[in-house]
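Below is one structure, written out as structure tokens; the observations come after it.
Here, each number is a calculation from the coordinates, and none is a lab measurement. Predicted, not measured: the structure shown is a model, and the values here were computed from it. For neighbour counting, all protein chains shown are included, and Cβ atoms are generated from backbone atoms with ideal geometry for every residue, glycine included.
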Amino acid sequence: MQKNPMLEQLIDAHLNFLDQTFAQTGTVQTEFLNFYHWFRKQSLQQLWSFEQINTLIQKQILHTPASNFLIDQIAEHIKFALIHSINDSTKIADIIPVLTIDKIAQYVAGKSDHRQRLIKTVVNSPAFSAMISQLIQHSIQDYLDNSVIAKSVPGVSRFMKMGKSVLENVTDTNLDDAIGKYLQKNILKLSQMSETVLNQHFDDHKLYHFQANLWHKIKNMPVSVLKNYIEIQDLPQTVGMGAEIWDYIRQSDYLKQQVHDGVYAWYIRNQERPFDLLLRDLNIDEALIQNELQNLLNPIIQQMISSQYLRERARVHLAQFYYSEEAQAILKL
């Protein structure tokens, strides 16, 4: 396309005007604020449909795996937080409010029905029964082999071993087997006894004071004590395993359906609300726009101007306009 000198002058004048206009910080502030005033009045359903929002979330979160770089960065940030020097001078009580701890203690202690159902489920599980049986069996055996009385009183140790031997001969069975069979037959009674004892030990009053005493033991400990329970050098591996679990879950039909229905429920509740209220849910208001966001935008605009990026992109569109048939007809070219 042959260039027209007059059109080129108009394009350059237009570009100079844009450069001068956007170089003024007040222009960016005014335009962004005006955009916000328009945007805040639009309702959710006027701009976006449920399908658009759901498709975006499904694609970007569920269908897209986390990058290896992001996983490494998560591990590095956790490590940085754990080894930070301020942890040595900061007590646990400095970052966790005691009143909230007390509320949690009262809440947990007050859930009697939940706790009793949990205890009942645990004590009636085969794993718990096997653990209790082995514990009792080992305790009896340890008592026979290492009793304080047997060790301190001469002859008692030999007497206890002889009694064990006689019992095994009379019953024609090994004592360990006999105890095991007895426990197996009476495991239901043992489970019921365990349930009763646990419910007595973890009643509302005792559980509350147990939590309170635990808090008083740990509140003055430095935050750095967490390093005793988290292997710093294993963070890349543990974070990686967590990422593997997420990678599997995100591809499941279960999570896809949960996200779909959750987004739909949120959309139905909010579709008629203007973005003014939706943004306030995220603590974004006009004061933030004026005092913070526009300060973040100004350097971007200035960099676009100084690097000639804005001028180059604007020239493309202005040339298309000025060289269009409609513009040339107005200019009588």
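Side notes on the structure shown:
- The length gained by stretching the chain between residue 111 and residue 316 to full extension, at 0.36 nm per residue less their Cα-Cα distance, is 67.0 nm.
- Maximal additional length on extending the residue 86-residue 122 stretch stands at 8.9 nm, based on 0.36 nm per residue less the C-alpha distance.
- FRET efficiency estimate (nearest 0.05) - Cβ-Cβ, residue 212 to residue 16, R0 51 angstrom: 0.10
- Projected label distance in nm at residue 260 and residue 248, using a 7 Å step from Cα toward the beta-carbon: 2.3
- Within straight-line cross-link reach of residue 217, lysines at Cα separation under 21 Å, skipping those fewer than 8 residues along the same chain: 91, 103, 206, 227
- In straight-distance terms, cross-link reach from residue 189 covers every one of the lysines whose alpha-carbon lies under 22 Å from its own, apart from those fewer than eight places away in the same chain; here that gives 120, 181.
- Calculated mean residue ellipticity, 222 nm, the chain: -23000 deg cm²/dmol, from DSSP H runs (n ≥ 4) at -39500 (n - 2.57) each, averaged per residue and rounded to 500.
- Using the Cβ-Cβ distance between residue 41 and residue 131 with R0 set to 56 Å, the FRET efficiency from 1/(1 + (r/R0)^6) comes to roughly 0.30.
- Between residue 177 and residue 203, the C-beta separation translates, for a Förster distance of 35 Å, into a calculated FRET efficiency of about 0.40.
- Part-to-part distance (alpha-carbon centres) for region 199-263 and region 26-94, which is given in Å: 23
- The stretch between residue 53 and residue 238 holds 63.4 nm of extra length on full extension. This uses 0.36 nm per residue minus the Cα-Cα distance.
- Relative contact order (percent, whole number), the chain, Cα cutoff 8 Å, 6+ residue spacing: 45
- In order through region 42-48: 3J(HN,Hα) via Karplus (6.51 cos²θ - 1.76 cosθ + 1.60), integer Hz, x for Gly, Pro: 7, 7, 4, 6, 6, 9, 10
- Exposure proxy order (Cβ contacts within 10 Å, fewest to most) of 117, 315: 117, 315
- Residues 197, 316, 263, 108, sorted so that the one with the fewest Cβ neighbours within 10 Å comes first: 316, 197, 108, 263
- Normalised alpha carbon radius of gyration of the chain [divisor 2.2 N^0.38 Å]: 1.83
- Simple label model, 7 Å out from Cα along Cβ direction - residue 67 to residue 225, nm: 4.0
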